[in-house]
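Notes to accompany the following structure.
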Amino acid sequence: MNCSIKEAVDRIKTGEIVAFPTETVYGLGADAFNPEAVAKIFALKGRPADNPLIVHIDRFEALKPLVNAIPEAAEKLARAFWPGPLAIILLKNSRIPDIVTAGLNKVAVRCPNHPLALDLIRQTGPLAAPSANKSGRPSPTSAAHVELDFGIDFPVLDGGMCDVGIESTVLDLTTEVPIVFRPGAISAEMIESVLGKPVSVFSNSERLEIVPSPGLKYTHYAPKAAVQFWDGHPDERALILSLKKPVSNPHDMYYAGDINRLARELYDKFRLADFLGLHAVKIERFEASEAPVAAGLLNRIQKAIGR
Ligand code: TXA
Ligand code: MG
């Protein structure tokens, strides 16, 4: 159910939770300093207690009270990419309740690039927020997606369709060499060019025994339909998402090379394929180098292929 900014602010201030738009996906927010409110997020989502939440702030200056120290790298990256789809992990200070970070001594913080989110956070203070889906469902990229998971009476600040469509880049800055735990629209190359030094990109297959970011060990959402790379042949029982080759079925999508738009619509198309009872989603291959978001998008597609 659509709610106003004022209702959303009131809910947060009274220890309730509310769904709100960001440029990546919708978030399910609670006052980051209120452990009882944050507990409601874990309960409602069915989220494992060992999977920490990102704290959302409205400006760089709001970072200081949350962390032990702000390394130069964090300041450089925040100046370059905030507000925007980059979550930075730093050593937390004691003001952040343990439930937010699932007991870790590190907190992920980001400043979302969406006017409604910024307006909300300016009036409430920092919000702990995961994606606004039930655990095991795709991240919501519209208010309607949130209602599909939590019911039409659940309060959602409606900001239309999310612009990016996949979750933020998550970067750990507490290690000697920064590590990208989750690729997103801010690419590793963009981060490297701001820092002037290499970063490492966590690969699930390499080090499964050490899971430094708990989210990595949970199975990722995949639709009931099989997700595959498209072999170029028409298939009436599949939803084809084509970047360059023409498509024939009315439900298929031709993106004219626009990888950003494919990222924006991917989760919605996953939901659509299941709604239409199609047997597969087939996506035309592309290279990680074709757009900044491409590596993050390939990561989500590959996870959905592997389930
Ligand atoms: O784009 C986004 O980041 C969205 C919007 C709402 O901001 N949020 C989002 O949150 O995707 P969530 O909870 O669905 O994913 C957060 C990821 C998880 O994989 C979690 O394990 C990781 O970030 N994470 C959060 N805090 C962490 C920490 N202190 N250390 C390591 N990983 C952390
Ligand atoms: Mg999530």
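Couple of notes before you dig in:
- The set of residues from region 75-130 being surrounded by fewer than 21 Cβ atoms within 10 Å (Cβ to Cβ), not in a loop (DSSP other than H, G, I, E, B) and not charged (D, E, K, R) comprises Ala80, Leu91, Pro115, Leu116, Leu118, Gln123.
- Matching residues, region 251-302, being assigned to a helix (DSSP H, G or I), of a type in the set (Val, Ile, Thr) and either in contact with a Cys (Cβ under 8 Å, 6 or more places away or on another chain) or farther than 13 Å from Phe229 by Cα (or both): Ile259
- Of all residues assigned to region 95-109, at least one qualifies as being within 15 Å of the chain's Cα centre (by Cα) and either of a type in the set (Val, Ile, Thr) or within 14 Å of ligand 1 (Cβ to nearest atom) (or both).
- Entry remark, region 163-174: residues being under 26 Å from Lys76 (Cβ atoms), within 16 Å of ligand 2 (Cβ to nearest atom) and either modelled with pLDDT under 95 or in a loop (DSSP other than H, G, I, E, B) (or both) number 4 in total.
- Restricting attention to region 233-264, the residues that are within 20 Å of Ala291 (Cα to Cα) and in contact with a strand residue (DSSP E or B) (Cβ under 7 Å, 6 or more places away or on another chain) add up to 6.
- Enumeration of residues in region 171-188 that are closer than 22 Å to Glu290 by Cβ and either free of Cβ contacts under 8 Å to residues at least 60 places away in the same chain or within 13 Å of ligand 1 (Cβ to nearest atom) (or both): Leu171, Val180, Arg182, Pro183, Gly184, Ala185, Ile186
- Residues located in region 131-146, provided they are assigned to a helix (DSSP H, G or I), touching a residue at least 24 places away in the same chain (Cβ under 8 Å) and of a type in the set (A, V, I, L, M, F, W, C): Ala143, Val146
- Condition met for Ala78 (in contact with a Cys (Cβ under 8 Å, 6 or more places away or on another chain) and in contact (Cβ under 8 Å) with a residue 12 or more places away in the chain): yes
- Condition check for Glu36: within 9 Å of ligand 1 (Cβ to nearest atom), surrounded by fewer than 20 Cβ atoms within 10 Å (Cβ to Cβ) and farther than 13 Å from Val109 by Cβ: no
- The residues of region 264-302 that are small (Gly, Ala, Ser), surrounded by fewer than 18 Cβ atoms within 10 Å (Cβ to Cβ) and touching a helix residue (DSSP H, G or I) at 6+ places or on another chain (Cβ under 7 Å) amount to a single one, Ala288.
- Within the option set Asp149, Asp158, being more than 9 Å from ligand 1 (Cβ to nearest atom) and either in a strand (DSSP E or B) or free of Cβ contacts under 8 Å to residues at least 24 places away in the same chain (or both) holds for one residue only, Asp149.
- Evaluating Ala87 against the criteria (1) over 20 Å from the mean Cα position of the chain (by Cα); (2) within 16 Å of ligand 2 (Cβ to nearest atom) leaves one unmet condition, (1).
- Leu127 vs. criteria in contact with a Leu (Cβ under 8 Å, 6 or more places away or on another chain), within 16 Å of ligand 2 (Cβ to nearest atom) and over 30 Å from Gly196 (Cα atoms): yes
The values are calculated or read from the model by the stated rules, or taken from the named source; none is laboratory data. Given the structure is predicted, the values throughout are model-derived calculations rather than measurements. Cβ coordinates were reconstructed from backbone atoms using ideal geometry, including for glycine residues, and neighbour counts include every protein chain displayed.
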